[in-house]
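Heads up: the structure comes next, in structure tokens.
The values are calculated or read from the model by the stated rules, or taken from the named source; none is laboratory data. It should be emphasised that the depicted structure is a prediction, and the values quoted were computed from it without experimental measurement. Cβ placement follows ideal geometry from the backbone for every residue including glycine, while neighbour counts extend to all protein chains displayed.
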Amino acid sequence: MKNPTRQLQHADPAGVLTGTHFLDGDHACCEGALAAGARFAAGYPITPSTEVVERFALRIPKVGGTFIQMEDELAASITLLGAVWGGAKAFTVTSGPGFSLMMEHIGYAAMTETPCVFVNVQRGGPSTGLPTLPAQGDMMQARWGSHGDYEMIALCPNSPQECFDLTIHAFNLSERFRTPVMFMMDECVGHMTEKVVIPPADQIGIYPRRHAVRPPGEHLNFEPDEDLVPAMAHAGEGYRFHVTGLTHDERGYPAMNPETQDRLVRRLVNKIRMAAEELVQVEEEGIEGADVVVVSYGITSRVAQKAIELAREKGLKVGKLRLLTVWPFPAAKIRALARGIRAFVVPELNMGQIVNEVERAAGGAARTYGVPHAGGTVHRPEAILNVIEEAAR
Amino acid sequence: MSTLEVLPQEVTNPVEPFLRTERIPHIWCPGCGIGTTVNSFARALLETRMDLDKVVVVSGIGCTGRVAGYVELDSFHTTHGRAIPFATGLKLANPSLTVVVYSGDGDLSAIGGNHLIHAARRNIDIKVICVNNFIYAMTGGQSGPTTPLTATTSTSPYGAYEPSFNLPQLADAAGAVYVARWTAFHVRQMTRSMSEVLKKKGFCFIETLSPCPTLYERRNKLGEGLDTMRHYKEKSKVRNGAPTSEVALGMRDDIIVGKFVDRERPDYSELLHHQMITQLGDKYVEAPACSCG
């Protein structure tokens, strides 16, 4: 057993475009991936996410790496997993319909503990929906979309700067936990252009791959360290390992029995649950003494900000809780807040997804109000304000 | 190098070092031809003296999909139909690997058919070994895109009426640089073809017919596995270089076997490299051998 807490390394300067830029969220996400060390992307065109891989296709031949446009999202979402087992850091990028097609391979990545990042620039759904207009309707799909039991990590940026910063974080978490990470953007954040500051490579911390330290014969690809995460060998290194999506033992060999299933699935879930408190990232402001806390994420948090300011002008005590990590859900945070406030208000560009998580975590200690919106545009601040006023009564 | 030049004394069968013997007995039925193809594959590895640390087997789902689990190599049992795109990522991330996709006809030509034609079109440097038993055997013998007209299967109880794929023609038309067909009876020829593709650059496709006595032969009253081997022996006609349009299979017709295609065409990596050098000159940074620190 080696210590799972590992030293962060500096980013490879070849992929870091240090300087101050004017970028949209899609392009900033691509720069974040390059800075994080991603040298492989497999994609399939879909609005409003395509700009991420368009930039990657332009940049990667001058950085050193591979972009391949596959024949569909089914292919893209497993080509990247092959690349990871070949030794690369890899990601794919999509939107609603493509995300639906990728679900099987998100499960395969979780089951085979393949570190990688899936970027979803969300648009209106269901089905083909609104290809060029925003929504946040895939939040539950990101958590539960693939079959079976697993735990998920999902991050939500609300600006191009965060598209850069949190993409690096998404890669770091995927490597640390050997798990797929969902990077949940939305059309507005993806197409919004703002200042993006990219620091020098030596100021960017990179979590290195948890590579096998023992020699072939002594290493098992699915034998966990103390934090329940195993180290991995890559193909071609002499380990002669086996990887399967079947229920498997520590060697990676199929084992069709309830004991192995229990041991494996519990570990896949617990390796993330155990670290949930530490890996959850939120932004809070004005929580102290608040009667109402607005919980939001992604583009909706920027509209909520305006609504909060309007409410404060009316003398209401309103706090802000923004979720940068949506999965695992910051339940402990919500539970603690619920004891001191009257109500939560949860605006989101869907008909009510994360609001149910807030209500569950609040456990009746505070009331919960949703502000549903089917997508296609953002909320009007007044729509959120009305609910804040109702909640404050 | 870990090529076996001298066999260890305790080894009783020359292919034993290529197998995960702790996983034997395998799941294949008596009379099934998949194990025969694995034997040929192991002999091809032995003959070609491949560095076994650099040979990777990628399988999809199904009876043949289980091959990955029995070979003592880096091996991946992926999702249904997606062995080829997984292999594509693996090969591009580490070009020093010899990547072999080993899967069945349903996995490769039905659910994975789109990936088969596109990998052939790109001429990705992977080797595809397709064991064709004419049905989905793992799930109980349903019909698929290779089921011959009139054959009875669990989902064509009154006989199949959909036209079937001629797999060599499909692979040829899509751009494969090497296309061959053998049967489980043709172990030497199959071994030779496998040896050839292990040394050939580009997208290679070998179809191997296999009996499925449990589900295909039994339902169609074609006898035991041995009867099918006799059928292969009697009905097979070797026609190397035959136009692939002339090698379609029928229920009890002659079986045209042989090496149909063996040609040169720049592979994906060569085309990529050429285009980038042309456009970017010395600004082009070739993908390094991957390493994540």
Only residues in region B:225-251 that are within 18 Å of B:PRO148 (Cβ to Cβ) count as the first member; pair them with residues that are among the aromatic types (Phe, Trp, Tyr) and outside any loop (DSSP other than H, G, I, E, B), Cβ under 9 angstrom, at least 6 apart or cross-chain, and list the lot. B:THR228/B:TYR216; B:SER236/B:TRP182; B:THR244/B:PHE260; B:VAL247/B:PHE260
In region A:47-66, the residues that are β-branched (Val, Ile, Thr), more than 7 Å from chain B (Cβ to nearest Cβ) and free of Cβ contacts under 8 Å to residues at least 60 places away in the same chain: A:THR50, A:VAL53, A:ILE60
Of (1) within 23 Å of A:GLU71 (Cα to Cα); (2) not in a loop (DSSP other than H, G, I, E, B), B:ILE124 satisfies all except one. Which? (2)
Looking for something over 25 Å from A:TRP144 (Cα atoms), surrounded by fewer than 18 Cβ atoms within 10 Å (Cβ to Cβ) and at the interface with chain B (Cβ under 7 Å from one of its Cβ atoms) - is there at least one such residue anywhere in region A:9-31? yes
The condition from (1) crowded, with 20+ Cβ neighbours inside 10 Å; (2) in contact with a helix residue (DSSP H, G or I) (Cβ under 8 Å, 6 or more places away or on another chain); (3) away from every other protein chain (no Cβ under 14 Å) that A:THR128 misses is numbered (1)
Do you know which residues across region B:240-293 are within 14 Å of another protein chain (Cβ to nearest Cβ) and part of a loop (DSSP other than H, G, I, E, B)? B:ASP267, B:TYR284, B:VAL285, B:GLU286, B:ALA287, B:PRO288, B:ALA289, B:CYS290, B:SER291, B:CYS292, B:GLY293
Is region A:349-362 home to any residue that is of a type in the set (Val, Ile, Thr) and over 28 Å from A:PRO160 (Cβ atoms)? no
All positions within region A:93-105 that are within 12 Å of another protein chain (Cβ to nearest Cβ) and crowded, with 24+ Cβ neighbours inside 10 Å: A:MET102, A:HIS105
Which one of A:ALA90, A:ALA142 is among the small types (Gly, Ala, Ser), more than 14 Å from every other protein chain (Cβ to nearest Cβ) and within 24 Å of A:LEU34 (Cα to Cα)? A:ALA142
Of (1) in contact with a helix residue (DSSP H, G or I) (Cβ under 7 Å, 6 or more places away or on another chain); (2) within 11 Å of another protein chain (Cβ to nearest Cβ), A:GLN69 satisfies every one except (1)
Long-range neighbours under 6 Å by Cβ, at least six apart or interchain, first residue on the phi > 0 side of the Ramachandran plot within region A:17-46, second outside any strand (DSSP E or B) and charged (D, E, K, R): A:GLY37/A:ASP12; A:GLY37/A:LYS89
Can you give me the ranges of the helices (runs of 4 or more DSSP H) entirely in region A:247-342 with at least 3 residues that are in contact with a Pro (Cβ under 8 Å, 6 or more places away or on another chain) and charged (D, E, K, R)? A:258-273
By residue number, the members of region B:31-58 that are more than 10 Å from chain A (Cβ to nearest Cβ) and more than 16 Å from the chain's Cα centre (by Cα) are B:GLY31, B:LEU46, B:GLU47, B:THR48, B:ARG49, B:MET50
Only residues that are outside any loop (DSSP other than H, G, I, E, B), in contact (Cβ under 8 Å) with a residue 60 or more places away in the chain and within 9 Å of chain A (Cβ to nearest Cβ): list them for region B:59-76, please. none
Could you please find all residues in region B:98-123 being within 10 Å of chain A (Cβ to nearest Cβ) and surrounded by fewer than 24 Cβ atoms within 10 Å (Cβ to Cβ)? B:THR98, B:ILE111, B:ASN114, B:ILE117, B:HIS118, B:ARG121, B:ARG122
Failed criterion for A:ARG393 (all others in (1) at pLDDT 95 or above; (2) charged (D, E, K, R); (3) over 28 Å from A:LEU279 (Cβ atoms) hold): (1)
Here are some residues: A:ALA35, A:ALA42, A:ALA83. Which one is within 8 Å of chain B (Cβ to nearest Cβ), under 23 Å from A:LEU23 (Cα atoms) and crowded, with 22+ Cβ neighbours inside 10 Å? A:ALA42
What's the number of the only condition in (1) without any contact (Cβ under 8 Å) to a residue 60 or more places away in the chain; (2) closer than 22 Å to B:LYS235 by Cα that B:SER143 fails to meet? (2)
Considering (1) part of a helix (DSSP H, G or I); (2) at the interface with chain A (Cβ under 8 Å from one of its Cβ atoms), say which one B:THR79 fails and leave the rest. (1)
Among B:ALA176, B:ALA160, B:ALA180, which is of a type in the set (A, V, I, L, M, F, W, C), under 16 Å from the mean Cα position of the chain (by Cα) and in a loop (DSSP other than H, G, I, E, B)? B:ALA176
Just one of the numbered conditions (1) surrounded by fewer than 21 Cβ atoms within 10 Å (Cβ to Cβ); (2) within 14 Å of chain B (Cβ to nearest Cβ); (3) among the polar types (S, T, N, Q) is not true of A:ASN221; which one? (1)
So which strands (runs of 3 or more DSSP E) are wholly in region A:7-72 and hold at least 2 residues that are under 22 Å from the mean Cα position of the chain (by Cα) and within 19 Å of A:LEU166 (Cβ to Cβ)? A:19-24
Quick check: is even one residue across region A:79-86 closer than 21 Å to A:ILE204 by Cβ, touching a residue at least 12 places away in the same chain (Cβ under 8 Å) and part of a strand (DSSP E or B)? no
Any idea how many residues of region A:230-240 are buried (at least 22 other Cβ atoms within 10 Å of the Cβ) and touching a Phe, Trp or Tyr at 6+ places or on another chain (Cβ under 7 Å)? 3
Being within 14 Å of chain B (Cβ to nearest Cβ), more than 22 Å from A:THR368 (Cα to Cα) and touching a helix residue (DSSP H, G or I) at 6+ places or on another chain (Cβ under 6 Å) narrows A:GLY236, A:GLY252 down to just A:GLY236
Just wondering, is there one or more residues in region A:350-373 that are touching a Leu at 6+ places or on another chain (Cβ under 6 Å) and either more than 30 Å from A:MET274 (Cα to Cα) or crowded, with 21+ Cβ neighbours inside 10 Å (or both)? yes
Those residues that are out of contact with any helix residue (DSSP H, G or I) (no Cβ under 8 Å at 6 or more places or on another chain) and assigned to a helix (DSSP H, G or I), I need them from region B:194-215; list them, please. B:GLU196, B:VAL197, B:THR214, B:LEU215
Name the one entry in A:VAL292, A:VAL265, A:VAL243 that is under 30 Å from B:LYS54 (Cβ atoms), touching a residue at least 24 places away in the same chain (Cβ under 8 Å) and either surrounded by fewer than 22 Cβ atoms within 10 Å (Cβ to Cβ) or of a type outside the set (Asp, Glu) (or both). A:VAL243
